[in-house]
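First up is the structure itself, then whatever we jot down about it.
The values are calculated or read from the model by the stated rules, or taken from the named source; none is laboratory data. Only a predicted model underlies this, so the values are computations on that prediction, with no experimental measurement involved. With ideal geometry, Cβ positions are generated from the backbone for all residues, glycine too; neighbour counts draw on all protein chains shown. Heads up: the accessible areas ignore ligands, DNA and RNA and are worked out on the full protein's heavy atoms, side chains in. Shrake-Rupley method; radii C 1.70, N 1.55, O 1.52, S 1.80 Å.
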Amino acid sequence: MAISAGVVLAGGRSSRMGTPKAALEWHGSTLLRRTVGIVARATNGPVVVVRAIGQDLPGLPEGTLVADDPREGKGPVQGIAAGLAALSGRAEVAFVSSTDMPFLHPAFIRRVLGAVEESHSTDVALPVARGYRQPLAAAYRVTLAEAAERLVKQDRLRPAFLFAECQVETLDDATLKRDPVLAALDPDLDSVLNVN
(Lines give C-alpha, C1' and ligand atoms only; values in the text may rest on other atoms or scores of the structure.)
Protein backbone atom coordinates (compact mmCIF):
# COMPACT_ATOMS: atom_id res chain seq x y z
CA MET A 1 0.00 0.00 0.00
CA ALA A 2 1.28 3.47 -0.88
CA ILE A 3 1.74 5.93 1.96
CA SER A 4 -1.06 8.47 1.72
CA ALA A 5 -1.14 11.91 3.26
CA GLY A 6 -3.27 15.01 3.17
CA VAL A 7 -2.95 18.58 2.01
CA VAL A 8 -5.51 21.08 3.27
CA LEU A 9 -5.49 24.55 1.73
CA ALA A 10 -6.28 27.05 4.49
CA GLY A 11 -7.98 29.39 2.02
CA GLY A 12 -8.91 33.00 2.19
CA ARG A 13 -11.94 34.85 3.46
CA SER A 14 -15.50 33.63 3.28
CA SER A 15 -17.28 35.56 0.58
CA ARG A 16 -20.37 35.93 2.77
CA MET A 17 -19.05 36.37 6.26
CA GLY A 18 -15.84 38.39 5.85
CA THR A 19 -14.09 35.94 8.19
CA PRO A 20 -11.21 33.66 7.26
CA LYS A 21 -12.75 30.35 6.18
CA ALA A 22 -10.26 28.40 8.26
CA ALA A 23 -11.58 30.03 11.45
CA LEU A 24 -15.31 29.65 10.74
CA GLU A 25 -17.03 27.79 13.55
CA TRP A 26 -18.62 24.42 12.77
CA HIS A 27 -20.30 22.47 15.56
CA GLY A 28 -17.84 23.43 18.29
CA SER A 29 -14.72 23.41 16.15
CA THR A 30 -13.32 25.38 13.24
CA LEU A 31 -13.68 24.30 9.64
CA LEU A 32 -9.92 23.92 9.33
CA ARG A 33 -9.52 21.76 12.43
CA ARG A 34 -12.47 19.61 11.37
CA THR A 35 -11.12 19.13 7.83
CA VAL A 36 -7.61 18.30 9.07
CA GLY A 37 -9.05 15.75 11.48
CA ILE A 38 -11.14 14.05 8.81
CA VAL A 39 -8.23 13.91 6.36
CA ALA A 40 -5.95 12.52 9.08
CA ARG A 41 -8.43 9.72 9.87
CA ALA A 42 -8.59 8.70 6.21
CA THR A 43 -4.85 8.62 5.47
CA ASN A 44 -1.85 6.77 6.88
CA GLY A 45 0.58 9.68 6.74
CA PRO A 46 0.95 13.32 7.74
CA VAL A 47 -1.44 16.17 7.00
CA VAL A 48 -0.04 19.49 5.76
CA VAL A 49 -1.95 22.76 6.02
CA VAL A 50 -0.91 25.29 3.39
CA ARG A 51 -1.42 28.89 4.45
CA ALA A 52 -0.61 32.31 3.07
CA ILE A 53 2.57 33.80 4.51
CA GLY A 54 1.69 35.33 7.86
CA GLN A 55 -1.83 33.89 7.88
CA ASP A 56 -3.03 33.18 11.40
CA LEU A 57 -4.43 29.69 11.79
CA PRO A 58 -6.80 28.43 14.44
CA GLY A 59 -5.60 25.58 16.65
CA LEU A 60 -4.69 22.44 14.75
CA PRO A 61 -4.55 18.80 15.81
CA GLU A 62 -1.19 17.69 17.17
CA GLY A 63 1.23 16.55 14.47
CA THR A 64 -0.22 18.73 11.72
CA LEU A 65 2.48 20.22 9.50
CA VAL A 66 2.19 23.80 8.25
CA ALA A 67 3.65 25.00 4.95
CA ASP A 68 3.67 28.58 3.74
CA ASP A 69 2.35 29.35 0.29
CA PRO A 70 5.36 31.30 -1.04
CA ARG A 71 3.48 33.55 -3.46
CA GLU A 72 0.28 35.39 -2.61
CA GLY A 73 -2.63 35.39 -5.04
CA LYS A 74 -1.52 32.48 -7.24
CA GLY A 75 -4.52 30.30 -6.49
CA PRO A 76 -4.95 26.61 -5.79
CA VAL A 77 -2.17 25.28 -8.05
CA GLN A 78 0.35 27.20 -5.92
CA GLY A 79 -1.16 25.72 -2.78
CA ILE A 80 -1.10 22.25 -4.30
CA ALA A 81 2.56 22.71 -5.28
CA ALA A 82 3.51 23.88 -1.76
CA GLY A 83 1.60 21.07 -0.07
CA LEU A 84 2.95 18.32 -2.29
CA ALA A 85 6.51 19.66 -1.92
CA ALA A 86 6.14 19.57 1.88
CA LEU A 87 5.25 15.87 1.60
CA SER A 88 8.21 14.93 -0.59
CA GLY A 89 9.88 11.88 0.95
CA ARG A 90 7.03 11.46 3.45
CA ALA A 91 4.23 10.13 1.24
CA GLU A 92 3.52 8.96 -2.28
CA VAL A 93 -0.07 10.14 -2.72
CA ALA A 94 -1.96 13.03 -1.12
CA PHE A 95 -5.61 13.90 -0.87
CA VAL A 96 -5.90 17.65 -1.50
CA SER A 97 -8.82 19.50 0.04
CA SER A 98 -10.01 23.01 0.58
CA THR A 99 -10.77 23.87 4.18
CA ASP A 100 -14.44 24.70 3.61
CA MET A 101 -15.93 21.24 3.03
CA PRO A 102 -17.81 20.53 6.28
CA PHE A 103 -19.44 17.31 5.02
CA LEU A 104 -16.21 15.69 3.82
CA HIS A 105 -16.27 12.01 4.78
CA PRO A 106 -13.31 9.67 5.33
CA ALA A 107 -14.94 7.09 3.02
CA PHE A 108 -14.87 9.63 0.17
CA ILE A 109 -11.19 10.39 0.80
CA ARG A 110 -10.27 6.70 0.90
CA ARG A 111 -12.16 6.01 -2.33
CA VAL A 112 -10.41 8.84 -4.19
CA LEU A 113 -6.96 7.96 -2.81
CA GLY A 114 -7.52 4.33 -3.79
CA ALA A 115 -7.87 5.25 -7.45
CA VAL A 116 -4.27 6.50 -7.49
CA GLU A 117 -2.84 3.96 -5.04
CA GLU A 118 -4.17 1.02 -7.05
CA SER A 119 -2.81 2.25 -10.38
CA HIS A 120 0.75 2.47 -11.61
CA SER A 121 -0.13 4.99 -14.29
CA THR A 122 -2.65 7.36 -12.64
CA ASP A 123 -1.21 10.62 -11.32
CA VAL A 124 -4.47 12.32 -10.31
CA ALA A 125 -7.85 10.92 -9.28
CA LEU A 126 -10.26 13.72 -10.11
CA PRO A 127 -13.84 13.41 -8.89
CA VAL A 128 -16.44 14.83 -11.22
CA ALA A 129 -19.10 14.75 -8.54
CA ARG A 130 -22.50 16.39 -8.65
CA GLY A 131 -21.67 17.47 -12.21
CA TYR A 132 -18.50 19.45 -11.40
CA ARG A 133 -14.78 18.75 -11.48
CA GLN A 134 -13.44 18.73 -7.93
CA PRO A 135 -9.71 19.56 -8.05
CA LEU A 136 -9.79 20.46 -4.34
CA ALA A 137 -11.25 17.08 -3.37
CA ALA A 138 -8.83 14.99 -5.42
CA ALA A 139 -5.81 12.73 -4.99
CA TYR A 140 -2.41 13.67 -6.44
CA ARG A 141 0.90 11.88 -6.63
CA VAL A 142 3.39 13.85 -4.53
CA THR A 143 5.84 13.78 -7.46
CA LEU A 144 3.60 16.34 -9.23
CA ALA A 145 4.95 19.11 -6.95
CA GLU A 146 7.64 20.08 -9.45
CA ALA A 147 5.24 20.27 -12.41
CA ALA A 148 2.77 22.35 -10.38
CA GLU A 149 5.53 24.74 -9.30
CA ARG A 150 6.72 25.14 -12.89
CA LEU A 151 3.18 25.98 -14.02
CA VAL A 152 2.87 28.63 -11.30
CA LYS A 153 6.13 30.23 -12.46
CA GLN A 154 4.65 30.31 -15.97
CA ASP A 155 1.43 31.92 -14.64
CA ARG A 156 -0.54 28.89 -15.83
CA LEU A 157 -2.62 28.82 -12.68
CA ARG A 158 -5.66 26.68 -13.48
CA PRO A 159 -5.66 23.05 -12.33
CA ALA A 160 -6.57 22.07 -15.91
CA PHE A 161 -3.01 22.96 -16.97
CA LEU A 162 -1.63 20.46 -14.46
CA PHE A 163 -4.12 17.82 -15.56
CA ALA A 164 -3.01 18.27 -19.17
CA GLU A 165 0.51 17.22 -18.16
CA CYS A 166 -0.29 14.01 -16.32
CA GLN A 167 -2.44 10.91 -16.32
CA VAL A 168 -5.85 11.74 -14.81
CA GLU A 169 -8.55 9.26 -13.89
CA THR A 170 -11.93 10.93 -13.57
CA LEU A 171 -14.37 9.54 -11.06
CA ASP A 172 -18.01 10.33 -11.80
CA ASP A 173 -20.83 9.85 -9.30
CA ALA A 174 -21.54 6.26 -10.35
CA THR A 175 -17.84 5.30 -10.22
CA LEU A 176 -17.44 6.82 -6.76
CA LYS A 177 -20.55 5.08 -5.43
CA ARG A 178 -19.37 1.66 -6.59
CA ASP A 179 -17.57 1.67 -3.28
CA PRO A 180 -20.26 0.19 -1.02
CA VAL A 181 -18.97 1.98 2.10
CA LEU A 182 -19.07 5.37 0.39
CA ALA A 183 -22.48 4.63 -1.15
CA ALA A 184 -23.85 3.81 2.30
CA LEU A 185 -22.25 6.67 4.24
CA ASP A 186 -22.33 9.51 1.69
CA PRO A 187 -24.95 8.49 -0.91
CA ASP A 188 -25.44 12.05 -2.22
CA LEU A 189 -21.70 12.82 -2.28
CA ASP A 190 -22.16 15.70 0.11
CA SER A 191 -18.41 15.43 0.73
CA VAL A 192 -17.83 17.88 -2.12
CA LEU A 193 -20.18 20.60 -0.85
CA ASN A 194 -18.44 23.74 0.35
CA VAL A 195 -19.61 26.72 2.39
CA ASN A 196 -19.46 29.24 -0.46
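Here are some notes:
- Spatially proximal aspartates and glutamates relative to LYS177 (Cα-Cα < 20 Å; intrachain offsets below 8 disregarded): GLU117, GLU118, GLU169, ASP186, ASP188, ASP190
- With the simple spin-label model, which puts each label point 7 Å out from Cα in the Cβ direction, the LEU193 to VAL181 separation comes to 2.3 nm.
- Compared with the direct C-alpha span, the chain from ARG130 to ALA174 gains 14.8 nm at full extension, assuming 0.36 nm per residue.
- Net lengthening on full extension, ASP155/ASP56 (0.36 nm per residue, minus Cα-Cα): 33.0 nm
- Rounded percent of accessible protein surface that carbon and sulfur make up, the chain, 1.4 Å probe: 49
- Estimated [θ] at 222 nm from DSSP helical runs (n ≥ 4, -39500 (n - 2.57)) normalised by residues in the chain, nearest 500: -8500 deg cm²/dmol
- Dimensions (Å) - the chain, Cα atoms, principal axes, largest first: 40, 40, 31
- Cross-link partners of LYS74 among aspartates and glutamates, defined as those whose alpha carbon lies under 14 angstrom from its own and excluding same-chain residues fewer than eight positions apart: GLU149, ASP155.
- Whole-Hz couplings from phi, Karplus 6.51/-1.76/1.60, listed for segment 53-61; x for Gly and Pro: 4, x, 5, 6, 10, x, x, 10, x
- Diagonalising the gyration tensor over the Cα atoms of segment 133-196 and scaling each eigenvalue by 5 before taking the square root yields semi-axes of 28, 13, 9 Å, largest first.
- In the context of the full set of protein chains, residues of the chain present 47 Å² of accessible surface per residue (probe radius 1.4 Å, heavy atoms only).
- Per-pair calculated FRET efficiency, R0 = 45 Å: GLU72 and HIS120 via Cβ, rounded to 0.05: 0.75
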